[in-house]
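Report on one structure; see the data block that follows.
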């Protein structure tokens, strides 16, 4: 009867030691158990990291330019003078720099560091079963979905005005100005996962 009580008390102490060892820091120490006892120290480390990055980058640049010079006309005069129309010009400059980086978040998956179980079992009775087990599981996945679209539309029209000298006894000069369009677009897109 007394021997059975000793075994029951040893089993109770064993249960408390195991619980403390697993929860604290993957360590466990078991000692002074009776004969025929079963002693186990088990550490379970599991990493469940699932990262999903969805990057959508769209650049749309629409440029519509129209340049028209006025008419220069000298007519209906006995002595014609000079007529000049001014220049018409358009200028457009677009610069876009986009950077998308998921390196810091993507690096988090699977970066869990495992430390093996530390356990000691000593001073157990005859016929005892003693094991120290470390289970490490890494379930990590990274999914990157990148969509990049660049749309650059440039429509330019330049027309110079007409210069006309007519109907004069002495004709003067008529000058039409220049018409010009200028468009410059620069896009730099960096996506890093």
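The values are calculated or read from the model by the stated rules, or taken from the named source; none is laboratory data. From a predicted model like this one, the values you see are computed outputs, not experimental measurements. Positions of Cβ are backbone-derived with ideal geometry, glycine not excepted, and every protein chain shown enters the neighbour counts.
Computed values, structure above
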quantity	calculated
Among the candidates 109, 96, 117, residue that is surrounded by 13 or more Cβ atoms within 10 Å (Cβ to Cβ), at pLDDT below 80 and either within 30 Å of residue 75 (Cβ to Cβ) or under 18 Å from the mean Cα position of the chain (by Cα) (or both)	109
Of all residues in the stretch 160-169 being assigned to a strand (DSSP E or B) and more than 30 Å from residue 183 (Cβ to Cβ), the one that is farthest from the chain's Cα centre (by Cα)	166
Residue satisfying condition, being in contact (Cβ under 8 Å) with a residue 24 or more places away in the chain and in contact with a helix residue (DSSP H, G or I) (Cβ under 8 Å, 6 or more places away or on another chain), within set 92, 63, 55, 44	44
Total residues in the stretch 125-139, condition in a strand (DSSP E or B) and surrounded by fewer than 16 Cβ atoms within 10 Å (Cβ to Cβ)	8
Residue within the stretch 30-37 that is part of a strand (DSSP E or B), touching a strand residue (DSSP E or B) at 6+ places or on another chain (Cβ under 7 Å), touching a residue at least 60 places away in the same chain (Cβ under 8 Å) and crowded, with 18+ Cβ neighbours inside 10 Å present	yes
Residue 176 vs. criteria in contact (Cβ under 8 Å) with a residue 24 or more places away in the chain and over 28 Å from the mean Cα position of the chain (by Cα)	yes
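Condition check ((1) in a strand (DSSP E or B); (2) surrounded by fewer than 15 Cβ atoms within 10 Å (Cβ to Cβ); (3) in contact with a strand residue (DSSP E or B) (Cβ under 6 Å, 6 or more places away or on another chain)) across all residues:
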site	(1), (2), (3)
153	yes, yes, yes
158	yes, no, yes
172	no, yes, yes
191	yes, no, yes
